[in-house]
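Taking it in order: structure first as structure tokens, then the write-up.
Values quoted throughout were computed directly from the atomic coordinates according to the rules given, and no laboratory measurement underlies them. Owing to the predicted nature of the structure, the values given are computational and were not obtained by experimental measurement.
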Amino acid sequence: MDTEDTIHRGEQRNPIDIAIEQEVEEYKKRHGERWRSLLINNLHAYVPGGYRRSIDGDTREESETASEKRRSQSFAEFIAVIDHTLQEMGITDEVLREEKKKNDAGKESQFLDIMFELYTRLRKMGYNRYPDLTR
């Protein structure tokens, strides 16, 4: 369903929902079945066990392409939002690490589903795909 059809039926759609749908469609067309892992790219670096967790908590995002939301936060505040969002999703550190380990080993895993849900929720909060979430 395209945006014009929705508007004609009188439904109001959130612009961020439309943007996420467009991102997904673009990645599906360009990358086939690998679309999810490429769309969410390095988001896993910010979750518990991720390699970016060691960045100084007082660091601020300075990129002009970052969202205003991300630029207004320290790294520690950004990580707290991610941790809180995972908690709201019912995802514990243990489950996350277990699913990542299975994913890395090429086994059936819910890791990409978890990361995509996290990505979607964070985008809806106002974060940009890049550099906020996938750098």
Going by alpha carbons, how many degrees (0 to 90, nearest 10) lie between the helix axis of 75-88 and the longest principal axis of the chain? 70
Cα extents of segment 28-94 along the three principal axes, largest first, in whole Å? 39, 34, 21
Share of Cα-Cα pairs in segment 64-120 lying beyond 13 Å, as whole percent: 66
For segment 24-40, Karplus couplings with θ = phi - 60° (6.51, -1.76, 1.60), whole Hz, Gly/Pro x: 4, 4, 4, 5, 5, 5, 7, 10, x, 5, 8, 3, 5, 5, 6, 5, 7
Relative contact order for segment 3-133: what percent, with Cα pairs under 8 Å and sequence separation of 6 or more? 26
Which percent of the Cα-Cα distances in segment 3-133 go past 27 Å? 24
